[in-house]
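Notes to accompany the following structure.
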Amino acid sequence: MGIFDSLKNIAESTIKREASKTITNAVNSIGKGKNRSERFSFTAIPQNTSELQALPEATLDTPFKTAALTVLALCLYKDNPDGVIEMLDFLKGPESVSPYEKQFYKDRLYEKEYIPFSYFDGATPDNGYTPSAPMTIAIYENPYSFDNENWATLWIKSGGADNMRSIKLRKKPSTGQWFLNDIQCLSEIRVPAEKDPWA
């Protein structure tokens with residue numbers, strides 16, 4: 001065997017070994033930061049910021065917790081819009097809800113207060129988006145959720161939409177907490193059956 005044959009064999013062996021490593025690493029990464037989800041259950045909708053802060057998720061030490069509390073807080077909008085803004089102020093951390101955001105929430109949720117409820121298990125158009133008890137929500141990540149350092153885009157499923165909707169969050173490195181940045185999950189969904197003239 002000549003020197004070129006030896007070099008060829010070494011190269012082929014190295015390529016096979018590296019390819020095998022890459023495949024093994026890819027298999028091992030499944031479910032670890034790729035398409036993972038976390039589930040949260042709540043027995044009641046908080047009626048004010050103090051009640052929200054009393055929940056264990058209010059540590060905000062993961063973006064999943066902050067996203068879940070955001071949807072939960074929005075469920076109070078019909079009964080207490082100002083209370084929801086206070087809760088969102090807490091969830092936004094160093095920032096406050098802007099006048100533009102207040103108007104945006106009003107526009108999106110006026111007579112459509114069922115939208116945040118649609119993200120909880122068991123909520124469908126047929127039952128008026130009434131969640132199962134306890135109110136349980138799944139928060140999903142995908143392979144691109146954490147592409148930018150200290151930022152996250154997480155996803156939630158609505159019982160009235162075909163595609164998942166997102167919530168954007170930002171980490172404050174000095175505290176390790178994740179705060180709400182942008183609610184991107186308030187677009188139209190299928191109307192509840194009792195409001196649908198074609199149902």
*Pairs under 7 Å by beta carbon, first residue in contact (Cβ under 8 Å) with a residue 40 or more places away in the chain in the stretch 168-189, partner part of a loop (DSSP other than H, G, I, E, B) and β-branched (Val, Ile, Thr), six or more apart or different chains?*
178/62
*Report, ordered by the first and then the second residue, all pairs with beta carbons closer than 6 Å, sequence separation of six or more or different chains, a first member in the stretch 86-106 that is exposed (fewer than 15 other Cβ atoms within 10 Å of the Cβ) and at pLDDT 95 or above, and a second member that is of a type in the set (Val, Ile, Thr) and not in a helix (DSSP H, G or I).*
89/97
_Options 115, 139, 183: the member that is on the phi < 0 side of the Ramachandran plot, touching a helix residue (DSSP H, G or I) at 6+ places or on another chain (Cβ under 6 Å) and at pLDDT 95 or above_ = 139
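Residue 147: touching a strand residue (DSSP E or B) at 6+ places or on another chain (Cβ under 9 Å) and either surrounded by fewer than 19 Cβ atoms within 10 Å (Cβ to Cβ) or among the charged types (D, E, K, R) (or both), yes or no?
For residue 147, the condition - touching a strand residue (DSSP E or B) at 6+ places or on another chain (Cβ under 9 Å) and either surrounded by fewer than 19 Cβ atoms within 10 Å (Cβ to Cβ) or among the charged types (D, E, K, R) (or both) - is met.
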*Conditions: (1) in contact with an Asp or Glu (Cβ under 7 Å, 6 or more places away or on another chain); (2) closer than 18 Å to residue 140 by Cα; (3) among the small types (Gly, Ala, Ser). Residue 176 meets all but one. Number of the miss?*
(2)
*Of all residues in the stretch 121-130, count the ones that are assigned to a loop (DSSP other than H, G, I, E, B), more than 14 Å from residue 188 (Cβ to Cβ) and touching a residue at least 24 places away in the same chain (Cβ under 8 Å).*
4
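The rows are residues; the columns are (1) surrounded by fewer than 10 Cβ atoms within 10 Å (Cβ to Cβ); (2) modelled with pLDDT under 95; (3) assigned to a strand (DSSP E or B).
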residue	(1), (2), (3)
6	no, yes, no
11	no, yes, no
28	yes, yes, no
71	no, no, no
*For residue 107, all conditions in the list (1) assigned to a loop (DSSP other than H, G, I, E, B); (2) over 23 Å from residue 65 (Cβ atoms); (3) more than 20 Å from the chain's Cα centre (by Cα) hold save one; what is the number of the exception?*
(1)
*What residue, of 133, 193, 123, is farther than 22 Å from residue 60 by Cβ and surrounded by fewer than 14 Cβ atoms within 10 Å (Cβ to Cβ)?*
133
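Report, by residue number, each residue of the stretch 51-69 that is in a loop (DSSP other than H, G, I, E, B) and crowded, with 21+ Cβ neighbours inside 10 Å.
Matches in the stretch 51-69: 60 only.
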*Give me a count of the residues in the stretch 73-97 that are within 20 Å of residue 61 (Cα to Cα) and part of a loop (DSSP other than H, G, I, E, B).*
4
*Does the stretch 42-50 include one or more residues that are assigned to a helix (DSSP H, G or I) and in the same structural domain as residue 166 (by TED's automatic domain parsing)?*
yes
*Is there a residue in the stretch 151-163 that is under 12 Å from residue 71 (Cβ atoms), surrounded by 19 or more Cβ atoms within 10 Å (Cβ to Cβ) and in contact with a Pro (Cβ under 8 Å, 6 or more places away or on another chain)?*
yes
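The values are calculated or read from the model by the stated rules, or taken from the named source; none is laboratory data. Please read these numbers as outputs of a predicted model, since none were measured by experiment. Don't worry about glycine lacking a Cβ; one is built from the backbone with ideal geometry, like all the others, and counts go over all protein chains shown.
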